[in-house]
Amino acid sequence: MGLFFSVKYGNENSIFPGRAAGSQRRQGICGILMQEDMEMSDRLANIRQEILDGIKERANSRAEAFELRKQFLDSKTGKIGQLMKEMKSIAPEERAGFGKSVNELKEWAQQRFMELDEKMKERELQRRYESERIDVTMPARNVETGNLHPVTQIRNQLMDIFVGMGFEVAQTREIENDYYNFEALNIPKDHPARDMQDTFYLSPEFLLATQTSAAQIHTMEKKKPPIKIVAAPGKVFRSDDDATHSPMFHQMEGLVVDRKITLCDLKGMLELFVKKIFGEDTTTRLRPSYFPFTEPSVEVDVSCFSCGGKGCKLCKGTGWIELLGAGIVNKKVLENCGIDSEQYSGLAFGIGLDRTAMLKYGINNVKLLFESDLRVLRQIDDN
Ligand code: PHE
(Lines give C-alpha, C1' and ligand atoms only; values in the text may rest on other atoms or scores of the structure.)
Protein backbone atom coordinates (compact mmCIF):
# COMPACT_ATOMS: atom_id res chain seq x y z
CA MET A 1 0.00 0.00 0.00
CA GLY A 2 3.04 2.23 0.47
CA LEU A 3 2.86 2.87 -3.21
CA PHE A 4 -0.16 5.06 -2.64
CA PHE A 5 1.86 7.50 -0.61
CA SER A 6 4.92 7.61 -2.72
CA VAL A 7 3.00 9.59 -5.23
CA LYS A 8 5.08 11.44 -7.72
CA TYR A 9 3.89 14.98 -7.87
CA GLY A 10 4.12 15.70 -11.51
CA ASN A 11 3.11 19.27 -11.98
CA GLU A 12 3.61 21.33 -8.86
CA ASN A 13 1.23 23.97 -10.01
CA SER A 14 -1.75 21.73 -10.63
CA ILE A 15 -4.30 21.84 -7.86
CA PHE A 16 -3.93 18.23 -6.79
CA PRO A 17 -0.67 17.09 -8.19
CA GLY A 18 -0.26 13.34 -8.26
CA ARG A 19 -3.93 12.71 -7.95
CA ALA A 20 -4.31 11.22 -11.41
CA ALA A 21 -1.40 8.85 -10.92
CA GLY A 22 -2.63 7.80 -7.49
CA SER A 23 -6.19 7.18 -8.52
CA GLN A 24 -5.11 4.94 -11.36
CA ARG A 25 -3.03 2.89 -9.01
CA ARG A 26 -5.86 2.58 -6.57
CA GLN A 27 -8.02 0.63 -8.98
CA GLY A 28 -9.10 -2.72 -7.62
CA ILE A 29 -8.10 -2.17 -4.02
CA CYS A 30 -10.48 -2.78 -1.13
CA GLY A 31 -12.83 0.02 -0.12
CA ILE A 32 -11.63 0.84 3.42
CA LEU A 33 -8.02 0.97 2.55
CA MET A 34 -8.81 3.01 -0.46
CA GLN A 35 -10.72 5.42 1.77
CA GLU A 36 -7.74 5.80 4.12
CA ASP A 37 -5.27 5.99 1.30
CA MET A 38 -7.29 8.59 -0.41
CA GLU A 39 -7.59 10.56 2.76
CA MET A 40 -3.89 10.45 3.36
CA SER A 41 -2.94 11.34 -0.15
CA ASP A 42 -5.56 14.06 -0.13
CA ARG A 43 -4.22 15.43 3.10
CA LEU A 44 -0.73 15.57 1.64
CA ALA A 45 -2.07 17.15 -1.49
CA ASN A 46 -4.08 19.61 0.56
CA ILE A 47 -1.10 20.60 2.68
CA ARG A 48 0.85 21.08 -0.49
CA GLN A 49 -1.92 23.22 -1.87
CA GLU A 50 -2.18 25.18 1.36
CA ILE A 51 1.52 25.86 1.16
CA LEU A 52 1.23 27.01 -2.44
CA ASP A 53 -1.77 29.18 -1.60
CA GLY A 54 -0.10 30.57 1.50
CA ILE A 55 3.00 31.44 -0.47
CA LYS A 56 0.89 33.11 -3.06
CA GLU A 57 -1.44 35.01 -0.80
CA ARG A 58 -0.05 35.43 2.67
CA ALA A 59 3.68 35.93 2.35
CA ASN A 60 4.51 39.55 1.77
CA SER A 61 7.57 39.84 3.91
CA ARG A 62 10.30 37.69 5.34
CA ALA A 63 8.55 37.72 8.72
CA GLU A 64 5.28 36.53 7.21
CA ALA A 65 7.13 33.88 5.20
CA PHE A 66 8.77 32.71 8.40
CA GLU A 67 5.41 32.48 10.18
CA LEU A 68 3.96 30.54 7.29
CA ARG A 69 6.88 28.16 7.29
CA LYS A 70 6.38 27.56 11.00
CA GLN A 71 2.78 26.54 10.38
CA PHE A 72 4.01 23.66 8.26
CA LEU A 73 7.57 22.91 9.19
CA ASP A 74 7.81 23.65 12.90
CA SER A 75 8.96 20.36 14.35
CA LYS A 76 6.38 20.44 17.14
CA THR A 77 3.41 22.40 15.89
CA GLY A 78 3.84 22.34 12.10
CA LYS A 79 1.32 20.47 10.01
CA ILE A 80 3.99 18.29 8.41
CA GLY A 81 5.49 17.59 11.80
CA GLN A 82 2.05 16.52 12.99
CA LEU A 83 1.84 14.04 10.13
CA MET A 84 5.08 12.46 11.32
CA LYS A 85 3.51 11.97 14.72
CA GLU A 86 0.74 9.97 13.14
CA MET A 87 3.30 7.39 12.13
CA LYS A 88 2.43 5.37 15.24
CA SER A 89 -1.13 4.89 14.24
CA ILE A 90 -0.31 3.66 10.78
CA ALA A 91 -0.15 0.02 9.98
CA PRO A 92 3.48 -1.14 10.18
CA GLU A 93 3.58 -2.27 6.57
CA GLU A 94 2.51 1.14 5.42
CA ARG A 95 4.80 3.16 7.60
CA ALA A 96 7.76 3.15 5.24
CA GLY A 97 5.68 4.39 2.35
CA PHE A 98 3.91 6.94 4.50
CA GLY A 99 7.20 8.15 5.95
CA LYS A 100 8.70 8.48 2.54
CA SER A 101 5.77 10.50 1.25
CA VAL A 102 5.79 12.80 4.25
CA ASN A 103 9.54 13.23 3.92
CA GLU A 104 9.18 14.06 0.28
CA LEU A 105 6.52 16.61 1.15
CA LYS A 106 8.75 17.98 3.88
CA GLU A 107 11.72 18.32 1.53
CA TRP A 108 9.51 19.86 -1.09
CA ALA A 109 8.13 22.31 1.46
CA GLN A 110 11.60 23.14 2.77
CA GLN A 111 12.68 23.85 -0.77
CA ARG A 112 9.63 26.09 -1.39
CA PHE A 113 10.17 28.03 1.80
CA MET A 114 13.84 28.45 1.06
CA GLU A 115 12.94 29.87 -2.32
CA LEU A 116 10.24 31.99 -0.72
CA ASP A 117 12.70 33.36 1.81
CA GLU A 118 15.13 34.22 -0.98
CA LYS A 119 12.36 35.92 -2.86
CA MET A 120 11.26 37.91 0.20
CA LYS A 121 14.83 38.85 0.97
CA GLU A 122 15.19 40.14 -2.56
CA ARG A 123 11.85 41.95 -2.38
CA GLU A 124 12.68 43.59 0.94
CA LEU A 125 16.00 44.73 -0.41
CA GLN A 126 14.22 46.08 -3.42
CA ARG A 127 11.73 47.92 -1.19
CA ARG A 128 14.60 49.38 0.81
CA TYR A 129 16.33 50.47 -2.36
CA GLU A 130 13.10 52.11 -3.46
CA SER A 131 12.48 53.91 -0.18
CA GLU A 132 16.07 55.04 0.17
CA ARG A 133 16.43 55.98 -3.44
CA ILE A 134 17.94 59.36 -4.10
CA ASP A 135 17.28 60.90 -7.45
CA VAL A 136 20.51 62.71 -8.10
CA THR A 137 19.06 64.29 -11.20
CA MET A 138 16.42 66.10 -9.17
CA PRO A 139 17.00 69.85 -8.84
CA ALA A 140 18.20 70.70 -5.33
CA ARG A 141 15.59 71.97 -2.92
CA ASN A 142 15.71 75.74 -2.96
CA VAL A 143 17.16 76.96 0.29
CA GLU A 144 16.05 80.52 0.80
CA THR A 145 18.90 82.66 1.95
CA GLY A 146 18.50 86.26 2.79
CA ASN A 147 20.64 89.00 1.37
CA LEU A 148 22.10 92.04 2.98
CA HIS A 149 20.28 95.33 2.90
CA PRO A 150 21.33 97.43 -0.12
CA VAL A 151 22.84 100.07 2.16
CA THR A 152 24.85 97.41 3.97
CA GLN A 153 25.96 96.00 0.63
CA ILE A 154 27.16 99.43 -0.47
CA ARG A 155 28.88 100.02 2.86
CA ASN A 156 30.69 96.70 2.58
CA GLN A 157 31.76 97.44 -0.97
CA LEU A 158 33.10 100.85 0.04
CA MET A 159 34.88 99.47 3.08
CA ASP A 160 36.53 96.84 0.90
CA ILE A 161 37.73 99.50 -1.51
CA PHE A 162 39.08 101.84 1.16
CA VAL A 163 40.58 99.08 3.27
CA GLY A 164 42.28 98.00 0.04
CA MET A 165 43.81 101.48 -0.11
CA GLY A 166 45.18 101.10 3.40
CA PHE A 167 42.40 102.76 5.42
CA GLU A 168 41.56 101.57 8.93
CA VAL A 169 37.93 101.27 9.99
CA ALA A 170 36.63 103.45 12.83
CA GLN A 171 33.22 103.50 14.50
CA THR A 172 30.60 106.21 14.20
CA ARG A 173 28.13 106.96 17.00
CA GLU A 174 24.41 107.47 16.80
CA ILE A 175 24.39 109.86 19.72
CA GLU A 176 26.85 112.73 19.89
CA ASN A 177 27.10 115.81 22.04
CA ASP A 178 27.10 119.35 20.77
CA TYR A 179 30.88 119.57 20.92
CA TYR A 180 31.65 116.61 18.65
CA ASN A 181 28.78 117.12 16.25
CA PHE A 182 29.26 120.89 15.86
CA GLU A 183 31.69 122.88 17.99
CA ALA A 184 34.86 120.94 17.33
CA LEU A 185 33.95 120.90 13.64
CA ASN A 186 34.06 124.67 13.61
CA ILE A 187 30.30 125.10 13.76
CA PRO A 188 29.71 127.38 16.75
CA LYS A 189 26.32 127.74 18.35
CA ASP A 190 25.25 130.73 16.30
CA HIS A 191 26.65 129.46 13.01
CA PRO A 192 24.11 129.43 10.14
CA ALA A 193 25.46 126.04 8.99
CA ARG A 194 23.68 124.54 11.98
CA ASP A 195 20.33 125.38 10.49
CA MET A 196 20.04 122.45 8.14
CA GLN A 197 21.31 120.01 10.76
CA ASP A 198 19.96 121.53 13.94
CA THR A 199 17.50 118.80 14.67
CA PHE A 200 16.83 115.84 16.95
CA TYR A 201 17.98 116.83 20.42
CA LEU A 202 17.85 114.34 23.28
CA SER A 203 18.75 117.08 25.76
CA PRO A 204 20.35 120.50 25.36
CA GLU A 205 23.69 118.70 25.30
CA PHE A 206 23.04 115.43 23.44
CA LEU A 207 21.59 114.90 19.99
CA LEU A 208 21.23 112.21 17.36
CA ALA A 209 24.30 112.53 15.12
CA THR A 210 23.52 114.69 12.10
CA GLN A 211 26.71 113.82 10.25
CA THR A 212 29.51 111.29 10.56
CA SER A 213 32.10 114.06 10.64
CA ALA A 214 32.17 113.81 14.45
CA ALA A 215 34.21 110.64 13.83
CA GLN A 216 37.02 112.93 12.59
CA ILE A 217 37.24 114.52 16.03
CA HIS A 218 37.00 111.24 17.97
CA THR A 219 39.74 109.79 15.80
CA MET A 220 42.10 112.76 15.99
CA GLU A 221 41.70 112.89 19.77
CA LYS A 222 42.81 109.30 20.06
CA LYS A 223 45.38 109.01 17.28
CA LYS A 224 48.25 111.12 16.11
CA PRO A 225 49.10 111.40 12.38
CA PRO A 226 49.50 109.57 10.11
CA ILE A 227 45.76 108.91 10.19
CA LYS A 228 43.83 107.11 7.48
CA ILE A 229 40.36 105.98 8.51
CA VAL A 230 36.90 105.36 7.15
CA ALA A 231 34.13 105.43 9.73
CA ALA A 232 31.02 103.22 9.79
CA PRO A 233 28.22 102.17 10.24
CA GLY A 234 27.27 105.81 9.71
CA LYS A 235 23.66 106.18 10.77
CA VAL A 236 22.74 109.89 10.89
CA PHE A 237 19.55 111.88 11.49
CA ARG A 238 18.19 115.11 10.10
CA SER A 239 14.89 116.86 9.85
CA ASP A 240 14.57 116.05 6.17
CA ASP A 241 11.81 114.17 4.45
CA ASP A 242 11.12 113.89 0.72
CA ALA A 243 11.70 111.46 -2.15
CA THR A 244 15.47 111.78 -1.91
CA HIS A 245 15.80 112.59 1.79
CA SER A 246 14.95 110.47 4.78
CA PRO A 247 15.07 111.58 8.46
CA MET A 248 17.52 108.72 9.02
CA PHE A 249 20.18 107.94 6.46
CA HIS A 250 23.74 106.71 6.25
CA GLN A 251 27.12 108.22 5.56
CA MET A 252 30.66 106.97 5.48
CA GLU A 253 33.27 109.39 6.70
CA GLY A 254 36.85 109.34 5.46
CA LEU A 255 39.78 111.12 7.05
CA VAL A 256 43.43 111.24 6.09
CA VAL A 257 45.90 113.34 8.07
CA ASP A 258 49.58 113.32 7.19
CA ARG A 259 52.30 115.60 5.89
CA LYS A 260 51.54 117.35 2.60
CA ILE A 261 48.05 116.04 2.02
CA THR A 262 46.38 117.95 -0.83
CA LEU A 263 43.21 117.95 -2.91
CA CYS A 264 45.12 115.89 -5.49
CA ASP A 265 45.25 113.01 -3.00
CA LEU A 266 41.54 113.40 -2.47
CA LYS A 267 40.73 113.43 -6.16
CA GLY A 268 42.99 110.45 -6.87
CA MET A 269 41.44 108.39 -4.11
CA LEU A 270 37.86 109.24 -4.96
CA GLU A 271 38.46 108.65 -8.65
CA LEU A 272 39.57 105.10 -7.83
CA PHE A 273 36.56 104.54 -5.62
CA VAL A 274 33.94 105.73 -8.14
CA LYS A 275 35.46 103.60 -10.92
CA LYS A 276 35.18 100.55 -8.71
CA ILE A 277 31.60 101.31 -7.71
CA PHE A 278 30.11 102.74 -10.90
CA GLY A 279 32.43 101.37 -13.59
CA GLU A 280 35.80 102.07 -15.16
CA ASP A 281 34.54 104.85 -17.46
CA THR A 282 33.31 106.99 -14.58
CA THR A 283 35.28 110.15 -13.81
CA THR A 284 34.96 112.82 -11.13
CA ARG A 285 34.91 116.57 -10.97
CA LEU A 286 35.32 118.82 -7.97
CA ARG A 287 32.98 121.74 -7.50
CA PRO A 288 33.64 124.48 -4.96
CA SER A 289 31.40 124.23 -1.92
CA TYR A 290 31.31 125.19 1.71
CA PHE A 291 31.63 123.22 4.94
CA PRO A 292 32.87 124.93 8.12
CA PHE A 293 35.24 122.06 8.88
CA THR A 294 37.02 121.93 5.51
CA GLU A 295 38.87 124.66 3.67
CA PRO A 296 38.71 124.53 0.71
CA SER A 297 35.53 122.52 0.48
CA VAL A 298 34.25 120.68 -2.57
CA GLU A 299 31.30 118.74 -3.81
CA VAL A 300 32.42 115.71 -5.78
CA ASP A 301 30.37 114.89 -8.85
CA VAL A 302 30.69 111.71 -10.90
CA SER A 303 30.17 111.59 -14.64
CA CYS A 304 26.73 110.09 -15.26
CA PHE A 305 27.26 106.33 -15.52
CA SER A 306 23.82 105.98 -17.06
CA CYS A 307 24.27 108.21 -20.13
CA GLY A 308 28.06 108.53 -20.08
CA GLY A 309 27.82 112.31 -19.70
CA LYS A 310 25.47 113.14 -22.56
CA GLY A 311 22.65 114.10 -20.26
CA CYS A 312 19.69 111.95 -19.20
CA LYS A 313 16.91 111.70 -16.64
CA LEU A 314 19.21 110.38 -13.92
CA CYS A 315 21.64 113.30 -14.17
CA LYS A 316 18.84 115.75 -14.95
CA GLY A 317 20.45 116.51 -18.28
CA THR A 318 23.70 117.78 -16.78
CA GLY A 319 25.88 114.72 -17.40
CA TRP A 320 27.03 114.84 -13.75
CA ILE A 321 25.71 113.39 -10.52
CA GLU A 322 26.48 114.89 -7.13
CA LEU A 323 27.96 112.23 -4.89
CA LEU A 324 29.66 113.56 -1.81
CA GLY A 325 31.06 116.43 0.19
CA ALA A 326 34.75 116.71 0.88
CA GLY A 327 37.63 119.07 1.44
CA ILE A 328 40.92 119.81 3.10
CA VAL A 329 40.52 119.64 6.87
CA ASN A 330 40.20 123.15 8.28
CA LYS A 331 43.31 124.08 10.29
CA LYS A 332 41.04 125.07 13.18
CA VAL A 333 39.72 121.51 13.37
CA LEU A 334 43.24 120.08 13.46
CA GLU A 335 44.15 122.54 16.19
CA ASN A 336 40.97 121.68 18.13
CA CYS A 337 42.34 118.13 18.30
CA GLY A 338 45.87 119.15 19.22
CA ILE A 339 47.41 118.43 15.80
CA ASP A 340 50.04 120.87 14.52
CA SER A 341 48.46 122.36 11.41
CA GLU A 342 51.82 123.67 10.20
CA GLN A 343 53.27 120.18 9.97
CA TYR A 344 50.20 118.25 9.02
CA SER A 345 47.30 118.62 6.68
CA GLY A 346 44.30 116.43 6.14
CA LEU A 347 41.53 115.58 3.77
CA ALA A 348 38.03 114.48 4.69
CA PHE A 349 35.04 113.21 2.77
CA GLY A 350 31.50 112.13 3.62
CA ILE A 351 29.79 109.73 1.26
CA GLY A 352 26.03 109.28 1.34
CA LEU A 353 25.51 105.51 1.38
CA ASP A 354 21.78 105.57 0.65
CA ARG A 355 22.40 107.95 -2.21
CA THR A 356 25.12 105.71 -3.62
CA ALA A 357 22.82 102.67 -3.31
CA MET A 358 19.99 104.54 -5.05
CA LEU A 359 22.26 105.59 -7.90
CA LYS A 360 23.89 102.23 -8.30
CA TYR A 361 20.71 100.15 -8.13
CA GLY A 362 18.35 102.59 -9.84
CA ILE A 363 16.13 103.26 -6.82
CA ASN A 364 14.13 106.43 -7.33
CA ASN A 365 12.75 106.93 -3.84
CA VAL A 366 14.85 106.70 -0.70
CA LYS A 367 11.81 105.42 1.24
CA LEU A 368 11.99 102.16 -0.69
CA LEU A 369 15.18 101.43 1.22
CA PHE A 370 13.48 101.68 4.60
CA GLU A 371 10.03 100.22 4.04
CA SER A 372 11.32 96.65 4.38
CA ASP A 373 9.40 95.64 1.26
CA LEU A 374 10.98 92.30 0.44
CA ARG A 375 9.93 92.60 -3.21
CA VAL A 376 12.32 95.53 -3.48
CA LEU A 377 15.08 94.28 -1.21
CA ARG A 378 15.21 90.83 -2.82
CA GLN A 379 16.08 92.37 -6.17
CA ILE A 380 19.31 93.80 -4.90
CA ASP A 381 21.86 91.11 -4.21
CA ASP A 382 25.20 92.44 -5.21
CA ASN A 383 27.55 90.78 -2.72
N1 PHE B 1 29.55 116.11 6.86
C2 PHE B 1 29.21 116.65 5.56
C3 PHE B 1 27.72 116.50 5.33
O4 PHE B 1 27.09 115.76 6.05
C5 PHE B 1 29.99 115.98 4.47
C6 PHE B 1 31.45 116.21 4.55
C7 PHE B 1 32.26 115.31 5.20
C8 PHE B 1 32.00 117.33 3.97
C9 PHE B 1 33.62 115.53 5.27
C10 PHE B 1 33.36 117.56 4.03
C11 PHE B 1 34.15 116.66 4.67
O12 PHE B 1 27.16 117.05 4.41
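Taking every alpha-carbon pair under 8 Å whose residues sit at least 6 apart, the stretch 66-141 reaches a relative contact order of 21 percent.
Rounding to the nearest 20 debye, state how big the charge dipole of the stretch 302-377 is about its Cα centre with +1 on each Lys and Arg Cβ and -1 on each Asp and Glu Cβ.
Its charge dipole is roughly 480 debye.
For the chain, list log₁₀ I(q)/I(0) at each q in 0.10, 0.13, 0.14 Å⁻¹, using the Debye formula over Cα point scatterers of equal strength and ignoring solvent, two decimals each. Summing over Cα pairs of the chain leads to -0.75, -1.02, -1.13. Where does helix 263-278 land angle-wise versus the long Cα axis of the chain, in degrees 0 to 90, nearest 10? Result, in degrees: 30. Taking the C-alpha atoms only, the angle from helix 31-57 to the longest principal axis of the chain is near 10 degrees.
Once the trypsin sites (Lys or Arg not before Pro) in DSSP loops with at most 15 neighbouring Cβ atoms within 10 Å are cut out of the chain, the longest remaining piece is 190-258. Against the criterion of solvent-accessible heavy-atom surface with a 1.4 angstrom probe, Glu183, Glu176, Glu299 sort, most first, into Glu183, Glu299, Glu176.
Over the residues of the chain, the helix contribution to mean residue ellipticity at 222 nm works out to -13000 deg cm²/dmol, using -39500 (n - 2.57) for each DSSP H run of at least 4.
Only protein heavy atoms count here; under a 1.4 Å probe, Thr282 has an accessible surface of about 0 Å². For the options Ala243, Ala348, Ala59, a Gaussian network treatment of the chain with springs between C-alpha atoms closer than 10 Å singles out Ala59 as fluctuating the most. Pairs from the table (Lys224/Lys276; Lys76/Lys121; Lys228/Lys260; Lys189/Lys367; Lys260/Lys331; Lys70/Lys106) lying more than 20 angstrom apart at Cα are Lys224/Lys276; Lys76/Lys121; Lys189/Lys367.
Computed on the chain, with alpha-carbon pairs under 8 angstrom and 6+ residues apart, the relative contact order is 13 percent.
Ser372 contributes about 80 Å² of solvent-accessible surface, heavy atoms of the protein only, 1.4 Å probe. Looking at the chain, the accessible area is 55 square angstrom per residue; that uses a 1.4 Å probe and ignores ligands, DNA and RNA.
In a DSSP loop and with at most 16 other Cβ atoms within 10 Å, the GluC sites (Glu not before Pro) in the stretch 88-149 are Glu132, Glu144. Looking at the chain as a GNM with Cα springs under 10 Å, which of Val256, Val143, Val300 has the largest mean-square fluctuation? Sorting by GNM fluctuation, first place goes to Val143. Annotation note: GluC sites (Glu not before Pro) in the stretch 314-383 located in DSSP loop regions with a Cβ neighbour count of at most 12 within 10 Å are Glu342, Glu371. Compared with the direct C-alpha span, the chain from Arg285 to Arg95 gains 56.5 nm at full extension, assuming 0.36 nm per residue.
The values are calculated or read from the model by the stated rules, or taken from the named source; none is laboratory data. Predicted, not measured: the structure shown is a model, and the values here were computed from it. Every residue, glycine among them, receives a Cβ derived from its backbone with ideal geometry; neighbour counts consider all protein chains shown. For accessibility, only protein heavy atoms count, side chains too; no ligands or nucleic acids. Shrake-Rupley method; radii C 1.70, N 1.55, O 1.52, S 1.80 Å.
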